[in-house]
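Q: Have a look at this one.
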Amino acid sequence: MNKEKVLNLAKLARIKISDAEAESLSHEFDSILDYVGQIKNAGFKVQDLGLKNEEKFPIRNVLRKDGEPHESGIYTEGILAQAPARDGNYIKVKKIL
Amino acid sequence: MTPEEIKIKDKDIHAFLEVFDDAKSYGNGILSGKKISIKDNMLFSSHKASAGSKMLENFTAPYDATVVKKIKEAGVIIVGRTNMDEFAMGSSTENSAYGVTKNPHDVGRVAGGTSGGAAASVASGMCDMALGSDTGGSIRQPAAFCGVVGLKPTYGRVSRNGLISYVSSFDQIGTVTKTVSDAELLYNVIKGQDPLDSTTISDDTYKPSRKFLKVIGIPKKFVESEGISDEVRNNFAEAVEKFKSLGYKIKEVELPNLKYALPVYYIIAPAEASSNLARFDGVKYGLHKEGIDGIDDYFETRGAGFGREVRRRIILGTYVLSSGYYDEYYGKAVAARRLITAELRSLFEEVDMMLTPTTPSPAWKVGEKSKSPLEMYLEDIFTVHANISGCPAISLPSGLAGKLPLGIELTADLGREDNLFAAGKDFMGE
């Protein structure tokens, strides 16, 4: 890790940070990644988990049908009241193009 | 205590971010008259919920979280919202944007975290019970530090609708109480399937794999290899003897991959956080800071609204999910997570519960561990397995190191809170 890498990651995450913070984060990340990186060489592979575990402890997905909506508009005011800028029932944003 | 009395008592502790002056009883129910605090990441309609962050300093909840709705129906009095590490990232509430919560047993020390305010509010007698949330030990560790009972239920037992997300596959709402009986009472009120949270489960989802026979497994090698303090080691040995004297059978067990639970946690947690917290954009709600154009608004808002630890975890999460590192970190962590879960669940075919200390040491001094984030992360060594696997776990007060409380932790199979309550009541003499 180095300062430039951290600044680039912060850019991807849309967070403004100072050069000094990037520098100190790079050292912190080195020690954190060194610690969590121990799993890299522990030999974990998704394909090794095998069907046995799958059958014994299945992971299920839960879906539901669309429907039963709440009464239209009952939360509109409460939610829009939290918006930093609004125009009537719209959230106001800056011009993009 | 009246709201005024709570405010006076809380001056030295800072368990509360807000004590509600308009606190009222919600009528007759199973929890009538019980005073309860809620963590600052749970929505209570028309009240502020800031998740301990400047990002949501002025956010007012437009609706009730499902748990809040349920405790109201049970007739509680909601006395206030409690302090927490910002967005539930931390182990001591020192990451709160609104100041640290002090330990009621020694105000020079931390109350633990992230539900430090919840634990301190109950331990100091400012309320009867508290709702907290637990992503990697955030209920159990502060409960241990403050000498109270902390329960993290099975993943999916309690609806997360209206809980501000941190790690959606780990987060679970649970209870902080003085007794195991109260934990059971409050748990029975808040649990249940909820159409507004598709991850919630029914009482029948996980059937018991064995009859409860009072058998406790101890991963002795794991406990002893993790640098625990002498006070914790002695206290843990006493707790084991106590269980034996209560007719429990103790079995030494080995879980070879349990040691990877913490590294797995600190890969998956920042990864999910970086994705979950993308919603804070200064557009829909929360803080807005002006930049030179639309995209610059994001940079300004997120740079100013998130505190240091939150920025650290989002950026770290961005790294472990980025192309080239995804397989190495996130992919491996997800595989390890499933292996650790399978290992734990297989263990629960042989024993009813696993016993460990809740923390490697008692509460530390305010500021003592703030220099190195990794040092703070290592404090979660005995709690993260429950979130990784989804298993329920409870921390029970087990004695003192000087004046500082210590805790032991029981973990059970998915859906087996009943085992935790039975053994917990035995241990506490309830």
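Q: If you wrap segment B:297-430's Cα atoms in a convex hull and average its projection over all directions, what's the area in nm²?
A: 11.6 nm²
Q: Can you give the convex hull volume per residue for the Cα atoms of the protein assembly as shown, as a whole number of Å³?
A: Spread over its residues, the Cα hull of the protein assembly as shown gives 158 Å³ apiece.
Q: Mind listing the long-range amide H neighbours of B:GLY132? Cut-off is under 5 Å, sequence gap 5 or more, other chains count too, H placed in the peptide plane at 1.01 Å from N.
A: Long-range HN contacts for B:GLY132: B:GLY174, B:THR175, B:VAL176.
Q: Further, regarding this structure: When chain B is treated as a GNM, springs tying every alpha-carbon pair under 10 Å, which of B:LEU287, B:LEU344, B:LEU131 comes out with the largest mean-square fluctuation?
A: Per the Cα network of chain B with a 10 Å cutoff, B:LEU287 tops the list.
Q: Separate question: Enumerate the calculated ³J(HN,Hα) couplings along segment A:69-79 in order (Karplus 6.51 cos²θ - 1.76 cosθ + 1.60, θ = phi - 60°), each rounded to whole Hz, writing x wherever the residue is Gly or Pro.
A: x, 6, 4, 4, x, 5, 9, 3, 5, x, 6
Q: What translational diffusion coefficient, in µm²/s and rounded to a whole number, does the Stokes-Einstein relation yield for segment B:218-369 at 4 °C and a viscosity of 1.567 mPa s, taking the hydrodynamic radius as the Kirkwood radius over Cα pairs?
A: It comes out at roughly 68 µm²/s.
Q: Now a separate question. Just the Cα atoms of chain A, one point each, no solvent: what log10 I(q)/I(0) does Debye give at q = 0.18, 0.22, 0.25 Å⁻¹?
A: Reported log10 I(q)/I(0), two decimals: -0.91, -1.11, -1.26.
Q: Taking amide hydrogens as modeled 1.01 Å from N in the peptide plane, which residues meet the under 5 Å criterion relative to B:SER398, leaving out close sequence neighbours?
A: B:LEU406, B:GLY407, B:ILE408
Q: List, in order, the whole-Hz ³J(HN,Hα) value for each residue of segment B:288-298 obtained from phi through the Karplus relation with A = 6.51, B = -1.76, C = 1.60 and θ = phi - 60°; use x for Gly and Pro.
A: These are the phi-based 3J(HN,Hα) values: 10, 10, 6, x, 7, 8, x, 5, 5, 4, 4 Hz.
Q: Same structure again: Calculate log10 I(q)/I(0) of segment B:155-196 for q = 0.21 Å⁻¹, where I(q) comes from the Debye formula with a single equal point scatterer on each Cα and nothing for solvent.
A: -0.71
Q: Looking at this model, which pairs from B:LYS152/B:LYS284; B:LYS24/B:LYS191; B:LYS39/B:LYS207; B:LYS48/B:LYS259; B:LYS102/B:LYS332; B:LYS221/B:LYS244 are more than 29 angstrom apart at the alpha-carbon? It would help to have the intermediate numbers written out before the result.
A: On the way: B:LYS152/B:LYS284 31 Å; B:LYS24/B:LYS191 23 Å; B:LYS39/B:LYS207 31 Å; B:LYS48/B:LYS259 39 Å; B:LYS102/B:LYS332 38 Å; B:LYS221/B:LYS244 20 Å.
Over 29 Å Cα-Cα: B:LYS152/B:LYS284; B:LYS39/B:LYS207; B:LYS48/B:LYS259; B:LYS102/B:LYS332.
Q: Multiply the residue gap between A:LYS11 and A:PHE57 by 0.36 nm, knock off their C-alpha separation, and tell me the result in nm, one decimal place.
A: Roughly 12.6 nm would be gained on extension.
Q: If you don't mind, there's one more thing I want to ask. On the first, second and third principal axes, largest extent first, how far apart are the outermost C-alpha atoms of segment B:231-303 in Å?
A: Projected onto its principal axes, the Cα set of segment B:231-303 covers 68, 24, 22 Å.
Q: Continuing with the same structure: Could you put A:ILE39, B:ILE408 in order, starting from the residue whose Cβ has the fewest other Cβ atoms within 10 Å?
A: Going from sparsest to densest Cβ surroundings: A:ILE39, B:ILE408.
Q: Compute the length gained on full extension between B:SER181 and B:ILE292: take 0.36 nm times their separation in residues and subtract their Cα-Cα distance, giving the result in nm to one decimal.
A: 34.3 nm
Q: For the residues B:VAL67, B:VAL240, B:VAL100, what sequence is obtained by ranking on other C-beta atoms within 10 Å, fewest first?
A: Fewest-to-most Cβ neighbours within 10 Å comes out as B:VAL240, B:VAL100, B:VAL67.
Q: Per the Cauchy relation, a quarter of the hull surface: what is the mean projected area of the convex hull of the alpha carbons in segment B:123-275, in nm²?
A: Convex hull of Cα atoms, orientation-averaged projection: 11.3 nm².
Q: Per DSSP H run of at least 4 residues, take -39500 (n - 2.57); add these up for chain B, divide by its residues and hand me the 222 nm value, nearest 500 deg cm²/dmol. Don't skip to the end; give the middle numbers.
A: On the way: 14 runs with 144 residues, N = 430.
Theoretical 222 nm ellipticity from helices: -10000 deg cm²/dmol.
Q: In nanometres, what is the gap between the two model label sites at A:ILE96 and B:TYR326, each 7 Å from Cα along Cα-to-Cβ?
A: 2.3 nm
Q: Which whole-Hz couplings ³J(HN,Hα) result when phi for each residue of segment B:364-376 is put into the Karplus expression 6.51 cos²θ - 1.76 cosθ + 1.60, θ = phi - 60°, listed in order with x for Gly and Pro?
A: 8, 6, 4, x, 4, 10, 6, 6, 10, x, 4, 4, 5
Q: One quarter of the convex hull surface, Cα atoms only: what value does that give for chain B in nm²?
A: Average of the hull's projected areas for chain B equals 19.7 nm².
Laboratory data are not the source of any read-out in this text; all were calculated from the coordinates shown. Keep in mind that what you see is a predicted model, and the values were worked out from it rather than measured. Because the Cβ atoms are built from the backbone with ideal geometry, glycine has one as well, and the counts that use them run over all protein chains shown.
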